[in-house]
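Let me begin by presenting the structure, written as structure tokens, before commenting on it.
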Amino acid sequence: MKLGTLVLQSTKSVLESNQISCIIKTRLLEKCLSCYEYCLAFNFTHVFQFVTSVVSCHPDELKQEVNGKREKIKGFSVKLQDTILFPEGGGQPDDHGLIGDVPVLRVTRQGPEAVHFVSSPLEVGQEVQVKVDWERRFDHMQQHSGQHLITALADTMFGYKTTSWELGRQRSTIELDTPCMKPAQLQALEEAVNEKIRAHIPVAVQLLSIDDPAVEKVRSRGLPEDHAGPIRIIDIEGIDANMCCGTHVSNLSDLQVIKFLGTEKGKKNKTNLIFLAGTRVLKYVEKSYSVERSLVSLLKTGPDDHVEAVDKLQKSVKLLQKTNLSLIRDMAVLVAQNFKSDPKRGNFFSLHKKEGDNEFMNIIANELSTEETLVFLTVGEEKGPGLFLLAGPSGPVTEMGPRVLEMLQGKGAGKNGRFQGKANSLARRGEVEAFLQQYCKHHTSEEE
């Protein structure tokens with residue numbers, strides 16, 4: 001198997017050139033690891049670029065969330081002779097990057113092979129350069145190594161075992177096997193975690209055979225059913241040894257800092273600990289400061305007075321809403337009385353009001369004699385979504401309600417002379433009104 005060309009960039013965590021040479025010699029002697037496995041085996045996760053060749057490429061589909069909706073994206077699944085892109089697994093999302101100039105949207109594992117989903121086809125046999133999205137990779141390294149550290153210390157300090165964890169897009173969560181964590185425990189754990197980061201403790205990788213007695217002493221939640229080959233151990237010196245296939249920093253100092261955002265009640269009497277590590281903490285602080293500056297401008301007060309200022313605003317809004325509701329109710333009664341006092345009133349009444357709710361419409365319907373009058377009321381945006389009420393004699397309402405619902409593209413139901421619901425669009429309100437007026441005229445002429 002071709003080893004490929006490694007293109008390294010200088011960082012404080014990258015091995016010195018003589019160490020790299022030694023590792024490559026080891027790789028050639030063993031002849032058992034792919035480049036991807038080789039990088040993980042020696043925690044050599046600072047490989048940014050790699051030259052390899054395309055083994056297979058075939059059309060495929062990827063289910064992906066686009067603007068909050070799950071959609072199918074057409075593309076191609078590609079297997080390479082070797083790869084440096086991590087496929088999702090062990091609670092860690094996959095790497096992204098480029099194969100040539102084609103973006104890699106997803107990397108999954110099929111047995112011992114990594115499958116890369118791309119938007120454009122690649123020629124089989126073609127030599128390509130693979131590039132890692134380093135910002136994404138390093139973020140995942142920080143969060144994952146941070147999780148190992150927190151998990152180990154939570155167990156050592158309080159006996160709280162980790163039952164699962166999630167590396168989220170913005171924040172990560174560790175599920176601890178305890179009903180709750182006291183604030184003092186949370187503070188002590190955060191301080192201990194950051195003390196270890198400042199201590200500049202190495203993080204190394206060990207490879208053990210599955211029958212090695214040392215495997216029994218390693219923290220683990222089990223191996224995949226299709227696992228083959230040596231067991232990979234992430235060893236935080238003097239703190240933790242854990243089976244893991246993910247990408248990690250080579251020293252705890254690379255985590256920079258860890259911040260706990262708090263805890264939430266988890267499933268089955270467990271506690272979710274929410275945390276940020278490394279660059280995410282810096283971004284969180286930057287975003288928080290930006291929000292703080294905006295609030296200073298809006299509330300015209302300093303940061304220390306924001307809570308009090310918002311509390312006052314909420315109380316004022318509640319009072320205004322209460323007053324507004326009272327005025328709307330009074331208006332509904334006046335609207336009904338005005339119609340009833342009109343000597344030229346007919347047997348049909350229609351009204352649209354932008355500001356209003358179901359109670360406003362029902363007050364009007366209650367004030368009018370719907371046994372004789374057909375009432376059509378709507379509230380909301382004139383061309384947008386809203387609410388509607390059709391009230392009147394039971395027969396006509398039951399007959400016309402479904403038709404009104406269809407024209408307003410809504411959902412609703414009716415009984416006892418009332419049909420009401422939500423309208424997705426009030427754009428055809430005028431058509432509905434004309435339809436109802438025509439029905440009333442036709443019904444009146446038949447009675448005469």
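The values are calculated or read from the model by the stated rules, or taken from the named source; none is laboratory data. All of these numbers come straight from a predicted model, not from anything done at the bench. FYI the Cβ positions are ideal-geometry reconstructions off the backbone, even for glycines, and counts take in every protein chain you see. In case anyone asks, the SASA skips ligands and DNA or RNA and just uses the protein heavy atoms, side chains included. Shrake-Rupley method; radii C 1.70, N 1.55, O 1.52, S 1.80 Å.
Tabulated values for the structure
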quantity: From the options GLN110, GLN170, residue that is at pLDDT below 95, surrounded by fewer than 19 Cβ atoms within 10 Å (Cβ to Cβ) and not assigned by the TED database to the domain that holds ILE258; calculated: GLN110
quantity: Single residue of PHE76, PHE50, PHE86 found to be open to solvent by 20 Å² or more (accessible area, probe 1.4 Å) and hydrophobic (A, V, I, L, M, F, W, C); calculated: PHE76
quantity: Number of positions in the stretch 46-98 that are in contact with a helix residue (DSSP H, G or I) (Cβ under 7 Å, 6 or more places away or on another chain) and among the basic types (Lys, Arg); calculated: 0
quantity: Pick from the stretch 89-107, criterion touching a Leu at 6+ places or on another chain (Cβ under 9 Å) and more than 29 Å from SER172 (Cβ to Cβ), ranking: most open to solvent (accessible area, probe 1.4 Å); calculated: GLY100
quantity: Matching option when the condition is over 21 Å from THR247 (Cβ atoms), surrounded by fewer than 16 Cβ atoms within 10 Å (Cβ to Cβ) and not aromatic (Phe, Trp, Tyr), among THR178, THR156; calculated: THR156
quantity: Members of the stretch 43-96 found to be of a type in the set (S, T, N, Q), under 19 Å from LYS131 (Cβ atoms) and in a loop (DSSP other than H, G, I, E, B), listed by number; calculated: THR45, GLN81, THR83
quantity: Enumeration of residues in the stretch 244-263 that are within 26 Å of MET181 (Cα to Cα) and open to solvent by less than 20 Å² (accessible area, probe 1.4 Å); calculated: LEU252, LEU255, ILE258, PHE260, GLY262
quantity: Pair list, Cβ under 9 Å, 6 or more apart: the stretch 284-306 residue closer than 24 Å to VAL257 by Cα, other residue surrounded by 11 or more Cβ atoms within 10 Å (Cβ to Cβ) and among the hydrophobic types (A, V, I, L, M, F, W, C); calculated: TYR284/LEU261; TYR284/LEU276
quantity: Residue list for the stretch 110-144, filter: part of a loop (DSSP other than H, G, I, E, B) and among the hydrophobic types (A, V, I, L, M, F, W, C); calculated: LEU122, VAL124
quantity: Hits in the stretch 264-286 (condition: in a loop (DSSP other than H, G, I, E, B) and surrounded by 13 or more Cβ atoms within 10 Å (Cβ to Cβ)); calculated: GLY266, LYS270, GLY278
quantity: Qualifying residue in the stretch 353-361 (condition: farther than 25 Å from LYS322 by Cβ and either surrounded by 19 or more Cβ atoms within 10 Å (Cβ to Cβ) or of a type outside the set (Val, Ile, Thr) (or both)); calculated: no
quantity: Given (1) within 34 Å of the chain's Cα centre (by Cα); (2) surrounded by 11 or more Cβ atoms within 10 Å (Cβ to Cβ); (3) at pLDDT below 80, number of the condition GLY222 does not satisfy; calculated: (2)
quantity: The stretch 123-148, residues that are among the acidic types (Asp, Glu), under 23 Å from the mean Cα position of the chain (by Cα) and surrounded by fewer than 16 Cβ atoms within 10 Å (Cβ to Cβ); calculated: GLU135
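Matching residues to (1) open to solvent by 40 Å² or more (accessible area, probe 1.4 Å); (2) closer than 15 Å to HIS352 by Cα:
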residue	(1), (2)
GLY384	no, yes
LEU389	no, yes
SER394	yes, no
LYS415	yes, no
ALA427	yes, yes
